[in-house]
1. Over the chain, with the other protein chains present, what is the accessible area per residue in square angstrom, probe 1.4 angstrom?
2. How much of the accessible area of region 167-249, probe 1.4 Å, is carbon plus sulfur, in whole percent?
3. Among PRO149, LEU243, PHE260, whose Cα lies farthest out toward the positive end of the dipole of the chain, if unit charges sit on the beta carbon of Lys, Arg (+1) and Asp, Glu (-1)?
4. Roughly speaking, what is the stretch gain from THR26 to GLU133, that is 0.36 nm per residue apart minus the C-alpha to C-alpha distance, in nm to one decimal?
5. Along the positive direction of the dipole of the chain (beta-carbon charges: Lys, Arg +1; Asp, Glu -1; about the Cα centre), which of LEU124, ASN180, VAL40 reaches farthest?
6. Once the piece of chain linking ARG214 and GLN253 is laid out straight, how much longer is it, given 0.36 nm per residue of separation minus the C-alpha distance between them?
7. Any idea what the dipole of region 141-288 comes to, in debye rounded to 20, about its Cα centre with Lys/Arg Cβ at +1 and Asp/Glu Cβ at -1?
8. I'd like the accessible area for GLU52, computed on protein heavy atoms only with a 1.4 Å probe and all protein chains in place. Round to 10 Å², please.
Amino acid sequence: MTTKILARDIGLEPGFTFRIQKCPLTHDYYVHSHDFSELVVILSGNAVHIIEGREYPVTAGQVFLIHSNVSHGYKNVEGIEYVNVMFQPEQLLQQSELRLLPGFQALFYIEPFYRKEMYFKGMLSLEAGQLQEATRLLDDILEEHDRQPEGYRLMIRTYFTALVGMLSRYYQNSSGHEDNKALRIGETVTYIEEHFLQPVTLQSMADMAYMSTRQFLRVFTRNYQTTPMDYVIRKRLDYSCTLLRSPGLSVSQVAMDSGFHDQNYYSRQFRKVFNCTPTQYRERILNS
């Protein structure tokens, strides 16, 4: 039976679930899961990583994300030193600029759930200079975490965002781009983030990812917990909320400018998500 580690049991704060550790791993580590995510950077040594029953070797420079409720452990450990960052993605990965990086979408969303199907070929392996740069940022985060000076949460968020952005760049620029399915899907999601107001179909998104519509729908839904078209609709609805703050725009114009060509359809989708009509939402915002 797999042991599950809970954030509250190891003293992680609910509002700022974060811990960073740099430590050697001198022995096999039992298979376990947790209710938070882990970003692991291998600094030296090698081992066999067991993840959801599959095994693959890890060595210095490798970076991988373990999401919540995913079982993993280590065996055949040989001189491993690694940095383990424990965090909640919804607390630290919400920068809108990050979502515009294909490497971010691939490394932090697609690859962790798709690695079995890619036979672990989509994982990030840093070159020596890249590992040195990542280690420098990790040391900055570690110092803030351990010393906890005034404003340390802000600095941790800042350094961690920089680290995530840097790793995303490295992933996007890594070799094997053409064969990396996770990155191709990540590029498709980034396209959606930038062009959600334009006409888009499930077929066009699947074509962009070089996948069948059925396969793209399955992979996308599993990773983002929503369908591709619902993802687009939610982007448009969120954008419409910004437009509704302008009293000079009619609701029909807001719908049109948000990518909806049918005001009734827009209103139905808006009510489904926000439990009120666009007009009611506008009134609440203006009155407040």
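1. Here the residues of the chain average 50 Å² of exposed surface.
2. Roughly 50 percent of what the probe reaches on region 167-249 is carbon or sulfur.
3. PHE260
4. Taking THR26 through GLU133 to full extension adds about 36.0 nm, to one decimal.
5. Selected residue: ASN180.
6. 10.6 nm
7. For region 141-288, the charge dipole is close to 560 debye.
8. 90 Å²
The values are calculated or read from the model by the stated rules, or taken from the named source; none is laboratory data. As the structure is a prediction and not an experimental result, all values here were calculated from the model. Every residue, glycine among them, receives a Cβ derived from its backbone with ideal geometry; neighbour counts consider all protein chains shown. Accessible surface areas use protein heavy atoms only, side chains included; no ligands, DNA or RNA. Shrake-Rupley method; radii C 1.70, N 1.55, O 1.52, S 1.80 Å.
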